[in-house]
Structures are given as structure tokens and as C-alpha cells.
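Below is one structure, written out as C-alpha cells; comments come after it.
The values are calculated or read from the model by the stated rules, or taken from the named source; none is laboratory data. Just so you know, these numbers come straight off a predicted model, no measurement behind them. We place every Cβ from the backbone using ideal geometry, glycine too, and count neighbours over all the protein chains shown. Surface areas here come from the heavy atoms of the whole protein model, side chains and all, with no ligands, DNA or RNA. Shrake-Rupley method; radii C 1.70, N 1.55, O 1.52, S 1.80 Å.
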Amino acid sequence: IRSIGVLTSGGDSPGMNAAIRAVVRAGAFYKLKTFGIYEGYQGLIENNIHELTARTVKNILNRGGTVLKSSRSEEFRTEEGRKKAHQNLKEQNIDALVIIGGDGTFTGGHIFSQEFDLPIIGIPGTIDNDLYGTDYTIGFDTATNVVVECIDKIRDTAESHNRLFFVEVMGRDSGFIALRSALASGALDVVLPEENAPMEDLFNELEKSEANQKTNKLVVVAEGNELGDTFKIAEQVKNKFPHLESKVTILGHLQRGGSPSCLDRVLASQLGVAAIEGLLAGKSKIMAGLIDNKIVFTSFEEAINGKVPINKELIRISKILSI
Ligand code: F6P
């Protein structure tokens, strides 16, 4: 391998820039040429490819988003699109790829790698933390810190007005952001997709909090939960507890922005170097992850399809502490 391409794809996440920097600098360290592919797979199809050096990635370690930009390319899902992408790589003499993103990114990379026998290594970059083969994905720590900071602020109003707040957080169909931030912000309950708990459970928690004279009531709702839309959940609670004044806050894309936390910067740096060293060792079709502080490589298939279990112990602790 003499020359590699790096891209970010899917939803951006804080720490992606730190990963790009690590890939480019590790590449330079090992005397590889590195190319940045702009706007994800779409940029690969449109030949939006430019050389990057150790110096062009200065001052990005601390920045949110992705300097390479991102996209969700429909064209890359077609054989025709992937052929064009491969042609561009050949013309630029790029002989391996590092792809930074989530399961959609790895699904595309897996197919591409098989079709053209191209070495590809993935780096998990998503706030959702829903990839098998790593304790944390890049961006998850920053996103949960943002959520906790926001809920701390909401708590002020909840307490001042004795209000009930439903705070909806991201995570697509997984509840990792919701569970961790609920525990860290002292929420009285958390509605998770993984638990599939009935509405009665939430009613019971609210009744308990009334009996225990809690003055502020914070409920974290994961966007992909089975009870449905957060406004609808709030409406059902209103019907059952008409005396409770309730509000809904949807945190939305606030959670994806901002300067990455120290943990995300360190993780991104470790995984960026691991990706380059993995490629040089002849590895492909795998994701670099960190488990128990050790670099672990997991096949794309497993990373995408493996089920990451929700931490039942954190749910238990959360219930004990919300008494
Ligand atoms: O996968 C990251 C994520 O932020 C999810 O948590 C969320 O469901 C989705 O992306 C939102 O996507 P978009 O930015 O395209 O609205």
C-alpha cells in the first residue's frame, strides 16, 4: 500500500476530525500518500478527492463536525455508482480506504471492498454508540455530555416551577445516549427502545415520585422508543395526571455538534493510528474498535449485525437512585 483515501460518511459526530487527523498523520509517519475524499461516498463518485498532508490537518483536532464533509449517498447504493467510484480511485492511484462513520458507512464499504478487492478499514464515528466491536464510538461521549449539560439547565426550570419535563434524545433505534444521560442527570425515568416497557411503567414511576414528594420530574425519552412520539407520550401522561404541568424538549442536532471531549479525541487518535497500522498489516473489511482499552478488529459483518446489549446494570442503578 502506497496511497490511501479517507472519508467520513453518514451523520457527522464530534471527534471525526480528530480521526481524520490521526489517519493522515499516521499515514505520513509511515510514508503513505493520503487523500481526503470530500462528502463521503458521493465525493468518491464525483471525484471530489484532494491530497492531504500532516500540515493540512492542523487545528482540526478540537473541532466538531467533519472538515471532509459528509453525505448519505443514494448513488453509491447502485452498481453503476460504485463502478464510477472505483474508476476514480484507480485514476488517483489510491489503493486502500479508511472509512469513518456508522453502520450505513460500513455496509457500503463492505460491498465495495468485496466487489473490487480493495482493502478497507472502518473507524466507528457515530453519536449513537450502536456498533458491535467497540466499547464506545467516536462522538458518543461528547453527545452524552451535551445532553447532560442541557438537562442540568432544564432541571433549573423544572425545579423552579414544579414541572414535569420530557427530554427527547437521539440514538436512532438504540437507547445508549438516553440511558447514560438519564443516569448522569438524575432523571426519574428513561424510556428505552431496548426495554419495550408498557406505558404503565412510566405511570408507576410518576406515581412513586408524587408519593415521594419529588418537586422536579425529568424523564428522558430515546427517539426510537416503542411507546412512540414524545409529544404523544406527554399527552397520555397529561390525561392520567391532569394536575401535572408538563413540557417537552427535543434536543435534536444540538447533540451532534461542538468541540469533542477529551475521551473522544483520544479514542479517535487511537483508532486512526490503528486503522493505518491495520491496513499496513494486510487487514481489510474490518472495523477498528477499543474494548477494555485494547485495540480490537471486528469484521464489518459483525460490527453491523452484532447486537450491542444495553447495560442492564445501569438501568438497575438508575431505578434505585431515582427513589
Ligand atoms: O446516527 C446519528 C443520528 O444523529 C441519529 O441519532 C439520528 O436518528 C439521525 O442521525 C438523524 O439523522 P439526520 O441528521 O439525517 O436528521
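For the stretch 244-323, the list of trypsin sites (Lys or Arg not before Pro) that fall in a loop by DSSP and count at most 11 other C-beta atoms within 10 angstrom reads Lys307. Based on alpha carbons, the Rg and Dmax found for the stretch 245-307 are 16.7, 60 Å. Note: the stretch 143-250, Cα convex hull, 83 Å³ per residue. Centre-to-centre, using Cα atoms only, the stretch 208-257 and the stretch 101-117 are separated by 38 Å.
When DSSP assigns beta bridges and you keep just the ones with both residues in the chain, what percent turn out antiparallel, to the nearest 5? Could you put the intermediate results ahead of the total?
Values: 10 of 42 bridges.
Among the beta bridges of the chain, antiparallel pairing accounts for roughly 25 percent.
Surface calculation, 1.4 Å probe, protein heavy atoms: Leu179 sits at approximately 10 Å² accessible.
Annotation note: trypsin sites (Lys or Arg not before Pro) in the stretch 35-94 located in DSSP loop regions with a Cβ neighbour count of at most 16 within 10 Å are Arg55, Lys58, Arg72. Each part gets one Cα centre, and for the stretch 160-194 versus the stretch 22-38 those centres are 39 Å apart.
Using the heavy atoms of the protein chains and a 1.4 angstrom probe, tell me the accessible area per residue for the chain in square angstrom.
With all protein chains present, the chain gives 45 Å² per residue.
Using the Karplus relation 6.51 cos²θ - 1.76 cosθ + 1.60 with θ = phi - 60°, the per-residue 3J(HN,Hα) values for the stretch 308-323 come to 8, x, 6, 7, 4, 5, 5, 5, 4, 5, 4, 5, 4, 7, 8, 4 Hz, with x marking Gly and Pro. Neighbours of Ile304, meaning other residues whose beta-carbon lies under 14 angstrom from its beta-carbon, give a summed charge of -3 when Lys and Arg score +1 and Asp and Glu score -1. Length, then width, then depth: along the principal axes, the Cα atoms of the stretch 191-323 run 64, 30, 27 Å. Taking a cut-off of 19 Å, what percent of all Cα-Cα pairs in the stretch 32-106 are separated by more than that? The proportion of pairs with Cα distances above 19 Å equals 36 percent. Ordered by 1.4 Å accessible area with all protein chains kept, Val296, Val98 run largest first as Val296, Val98. Every pair of different Cα atoms in the chain enters the Kirkwood calculation, which places the hydrodynamic radius at 20.6 Å. In the frame of its principal axes, the stretch 88-152 has Cα extents of 52, 23, 15 Å, reported largest first. Can you give me the convex hull volume of the Cα atoms of the stretch 105-192, divided per residue and expressed in Å³? Convex hull of Cα atoms, per residue: 88 Å³.
Grab the eigenvalues of the alpha-carbon gyration tensor for the stretch 1-71, scale each by 5, take roots, and send me the semi-axes largest first in whole angstrom. Working shown, then result.
Working: eigenvalues 63, 50, 14 Å².
Semi-axes, largest first: 18, 16, 8 Å.
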